[in-house]
Amino acid sequence: MVEYTGVIAITTALSDEDLLERLADYHVAVGPAPHGWSVTLSLPADSLQQAISTLLAVAGTVGEPRALTVRTSEEFDRVHGLEPLPELLSVSQAADALGLTRQGVLHRIHTGALVATKVGKTWFVPASAVSGTGEEPAA
């Protein structure tokens, strides 16, 4: 299966909030369009033809599709300049990967020895920052 992303122009009486709720299973994004809404959906499919059929069927449940563009999600992201999110580890996961304690990882984060990003009150460490950096045990 391949992940596809479709952008569909839809005419509907539904609000953007109603569209978001009804299409939530498809990783939906909704924005205004000249004659209704522009709805972006993602779904897995075996072929482009299956993706198109499914996207049109889904769009038909909430309004009248007016236009459709479908790409693989990888191509969609590239065309729109979207970079994949890096894999992030919790402080505990980073500690396990590095053979350190949580406090040891936090100390490295605070001293700048380990790259991390704070989201709210929680630190996350890119997996790339810990891969291959653990010390080998002495023989």
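The values are calculated or read from the model by the stated rules, or taken from the named source; none is laboratory data. Since the structure is predicted, the reported quantities are computational estimates derived from the model, not experimental observations. No Cβ is skipped: glycine too gets one built from the backbone with ideal geometry, and neighbour counts run over all protein chains shown. Note: accessible area is taken over every heavy atom of the protein model, side chains too, but ligands, DNA and RNA are not part of it. Shrake-Rupley method; radii C 1.70, N 1.55, O 1.52, S 1.80 Å.
Here are some notes:
- Neighbours by Cβ (under 8 Å, 6+ apart or cross-chain): first from region 27-50, in contact (Cβ under 8 Å) with a residue 40 or more places away in the chain; second open to solvent by 50 Å² or more (accessible area, probe 1.4 Å) and among the aromatic types (Phe, Trp, Tyr): LEU43/TYR26
- Among (1) under 22 Å from LEU82 (Cα atoms); (2) at pLDDT below 95; (3) not aliphatic (A, V, I, L, M) - the single one ARG71 does not satisfy: (2)
- Matching residues, region 32-55, being assigned to a strand (DSSP E or B), of a type outside the set (S, T, N, Q) and either surrounded by fewer than 18 Cβ atoms within 10 Å (Cβ to Cβ) or in contact with a helix residue (DSSP H, G or I) (Cβ under 7 Å, 6 or more places away or on another chain) (or both): PRO32, ALA33, TRP37, VAL39, LEU41, LEU43, PRO44, ALA45
- When VAL62, VAL125, VAL115 are screened for being touching a helix residue (DSSP H, G or I) at 6+ places or on another chain (Cβ under 8 Å), open to solvent by 70 Å² or more (accessible area, probe 1.4 Å), farther than 24 Å from MET1 by Cα and outside any helix (DSSP H, G or I), only VAL115 passes.
- When region 22-44 is filtered for residues that are of a type outside the set (Lys, Arg), over 18 Å from the mean Cα position of the chain (by Cα) and within 14 Å of THR61 (Cβ to Cβ), only TRP37 remains.
- Within region 1-31, considering residues that are acidic (Asp, Glu) and within 17 Å of SER73 (Cα to Cα), the one surrounded by the fewest Cβ atoms within 10 Å (Cβ to Cβ): ASP25
- Comparison of ALA29, ALA45 shows that the only residue that is in contact with a Ser or Thr (Cβ under 8 Å, 6 or more places away or on another chain), closer than 28 Å to VAL119 by Cβ and small (Gly, Ala, Ser) is ALA29.
- Among all positions in region 84-95, there is at least one residue which is open to solvent by 50 Å² or more (accessible area, probe 1.4 Å), in a strand (DSSP E or B) and either β-branched (Val, Ile, Thr) or in contact with a strand residue (DSSP E or B) (Cβ under 7 Å, 6 or more places away or on another chain) (or both).
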